[in-house]
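The values are calculated or read from the model by the stated rules, or taken from the named source; none is laboratory data. Bear in mind the structure is a predicted one, so any value in this text is a computation, not a measurement. Using ideal geometry, Cβ is built from the backbone for each residue, glycine included, and neighbour counts are taken over all protein chains shown. Keep in mind that these areas ignore ligands, DNA and RNA; they rest on the heavy atoms of the full protein, side chains included. Shrake-Rupley method; radii C 1.70, N 1.55, O 1.52, S 1.80 Å.
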Amino acid sequence: MIETYVQNIKSALGDFTPEVLIILGSGLSVLADKIEGKIIIPYTKIGFPKITIAGHKGELIAGKLGGKNVLCMNGRYHLYEGHSPALIKDMMSSYQRLGIKEIIATNAAGSLRPEMTPGSLMMITDHINFSGQNPLTGVNNDKEGPRFPNMSDAYDKELQQKMRQTASELQIKLFEGTYFFVVGPNFETKAEIKAFRTLGADAVGMSTVPEVISAVYFGMKVVGISVITNQSADIQTHTLSHEETLFEARQAAVDLQGLILKFLEK
Ligand code: HPA
């Protein structure tokens with residue numbers, strides 16, 4: 001499958017060589033608006049499966065952003081849709097073969113900290129994979145990456161520093177913390193939230209970690225940002241919904257757009 005993905009993307013890109021991959025989370029499509037000279041490749045033309053979730057488009061957009069050649073995933077795959085973690089590994093392998101060196105991964109997440117209110121941005125400094133699943137299970141190909149990859153610096157320190165500095169220049173408040181990955185699709189119970197907080201989580205969400213594990217395995221550098229769309233179940237007084245996630249993400253996406261643009265320009 002990987003060869004097919006790579007060939008299909010390459011034939012759509014022509015002589016365009018991408019350097020940076022941007023993964024857009026739920027409700028964050030607006031970020032793609034500023035990409036210049038867009039080449040739009042529907043996922044189905046690449047051979048990727050159909051996206052089944054509202055707020056995720058299902059296309060790869062190539063072009064210039066902040067002076068860099070970017071590939072932008074407008075829509076991603078979640079384990080809760082029933083996709084196998086291996087799909088995400090193969091996808092990330094394709095990007096690495098296309099020349100991607102750096103990844104900006106974004107997502108929508110729930111906050112476990114009262115001061116991190118909806119609309120806040122949190123740079124992911126570490127994660128906890130609580131899914132019981134891993135994209136790297138199965139026979140390992142030592143030519144691709146190590147059997148037991150190091151995950152102690154999954155989020156690149158230099159890119160984090162660059163992101164911190166960019167946010168400070170733009171006077172955007174950037175929280176930092178640990179992203180807690182659950183499969184979903186249900187939002188958490190109050191007892192789960194209490195447990196996750198005790199375990200060291202600052203934000204909780206249903207994506208990103210399979211991509212990050214795969215990216216690190218294939219030797220790509222990652223910086224991650226969560227857009228906080230809601231407080232967790234034990235703080236929030238009303239019932240959570242996907243519509244609210246999309247609404248809050250779209251509001252915060254404007255800050256995120258400015259941050260990513262400036263980050264790429266540096
Ligand atoms: N929990 C899990 N995933 C999420 C949440 C949440 O509260 N908000 C947005 N994605």
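Before moving on, here are some points about what is shown:
- Any hit, segment 6-23, residues being acidic (Asp, Glu), out of contact with any strand residue (DSSP E or B) (no Cβ under 9 Å at 6 or more places or on another chain) and farther than 19 Å from LYS262 by Cα: yes
- Segment 36-48, subset over 18 Å from the mean Cα position of the chain (by Cα) and open to solvent by less than 40 Å² (accessible area, probe 1.4 Å), residue nearest to GLN251 (Cα to Cα): ILE41
- Helices (runs of 4 or more DSSP H) fully within segment 119-233 counting 1 or more residues that are closer than 22 Å to GLY27 by Cβ and more than 14 Å from the ligand (Cβ to nearest atom): 157-169, 209-217
- Within segment 234-255, being part of a helix (DSSP H, G or I), farther than 18 Å from GLU36 by Cα and either open to solvent by 10 Å² or more (accessible area, probe 1.4 Å) or modelled with pLDDT of 80 or more (or both) holds for HIS242, GLU243, GLU244, THR245, LEU246, PHE247, GLU248, ARG250, GLN251, ALA252, ALA253, ASP255.
- Close pairs from segment 217-237: first among the charged types (D, E, K, R), partner more than 9 Å from the ligand (Cβ to nearest atom) and assigned to a strand (DSSP E or B), Cβ under 8 Å, at least 6 apart: LYS221/GLU102; LYS221/ILE103
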